[in-house]
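Inspection log for the structure reproduced underneath, given as structure tokens.
The values are calculated or read from the model by the stated rules, or taken from the named source; none is laboratory data. A quick note: this is a predicted structure, and the numbers were derived from the prediction, not measured. Note: ideal-geometry Cβ built from the backbone for every residue, glycine included; neighbour counts use all protein chains shown.
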Amino acid sequence: MATTQPHPVVFLVDVDDTLLDTDHIQNDLKRHLEREFGSACRDRYWAILEELFDELGYRDYLGCFASCAATASTPSPASCWTAVH
């Protein structure tokens, strides 16, 4: 069975719920963060995400992982990256 290699470039597009149910995606991410890192980490991630949204005008999910990793010992950058793969 042949396996495919990951693409080196990924495009993220803001579709305003026209193609994706972003509420479902956000809820799924919240559940995942709580399951893997606990409710305190989930809440901290979401607070930082809201701050970034106010600053940037869009949801920077990966930038938020970087901010979480930079501001606390848990989760580590490696575990943050694992959370999105």
Please work out if Asp43 is in contact with a Leu (Cβ under 6 Å, 6 or more places away or on another chain), within 17 Å of Thr71 (Cβ to Cβ) and not aliphatic (A, V, I, L, M).
no
Quick one: count up the residues across region 46-62 that are hydroxyl-bearing (Ser, Thr, Tyr) and modelled with pLDDT of 90 or more.
0
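One line per residue, one yes/no per condition, for (1) surrounded by fewer than 13 Cβ atoms within 10 Å (Cβ to Cβ); (2) among the polar types (S, T, N, Q); (3) under 13 Å from the mean Cα position of the chain (by Cα):
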site	(1), (2), (3)
Val9	yes, no, no
Asp23	yes, no, no
Leu33	no, no, yes
Gly38	no, no, no
Asp43	no, no, yes
